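Single-structure report; data block below.
Since every read-out is calculated from the coordinates, none of them should be taken as a lab result. Note that this is a predicted model, so its numbers are computed, not measured. Cβ placement follows ideal geometry from the backbone for every residue including glycine, while neighbour counts extend to all protein chains displayed.
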Amino acid sequence: MTRSLSRFLAAAAAAAMLGITAAVPAQVTPAAPAPAKPCATCGVVESIRYVEQAGQSSGVGAVAGGVLGGVLGHQIGSGRGNTVATVAGAAGGAYVGNQVEKNKNRKAYYGVTVRLDNGKRQTLSMASAPAVKEGERVKIVDGNRLALLQN
């Protein structure tokens, strides 16, 4: 062995006996990736309900039905019978006209409730049956559409 090698080994052995260690640079661990930004409009479909909302009546149907019923009732009989038929026709026509108007104004839709990742619930009204099922993970897009997310 050469002289410098033997001196180095002697110094290393002495340092080891005294517990002196060479300064070793600390290992740098890569930083964990930043957590993904939470999705404020993502969640799970909690329920899907078909809803029929009764129509409202403005009175126009009742008035139109009453007039039409009165005119038709007036065509029946003569004298007192004619008067009774006119009144009955007007009352029946008003009732039927009111019901027709309510049926015309009836609304039907699907109510889809989504439990968002932040714990809140949001219910969307959809004109047709949604393409998602209860329990599926979705994202609410533009406030009124659902996009299916991969789990």
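Observations
- From the list Leu146, Leu124, the one residue that fits, being closer than 16 Å to Ile48 by Cβ and touching a Gly at 6+ places or on another chain (Cβ under 9 Å), is Leu124.
- Residues being part of a helix (DSSP H, G or I) and in contact with a Leu (Cβ under 9 Å, 6 or more places away or on another chain) - total across segment 97-113: 1
- Test: residue in segment 57-69 that is surrounded by 15 or more Cβ atoms within 10 Å (Cβ to Cβ) and touching a Cys at 6+ places or on another chain (Cβ under 8 Å): no
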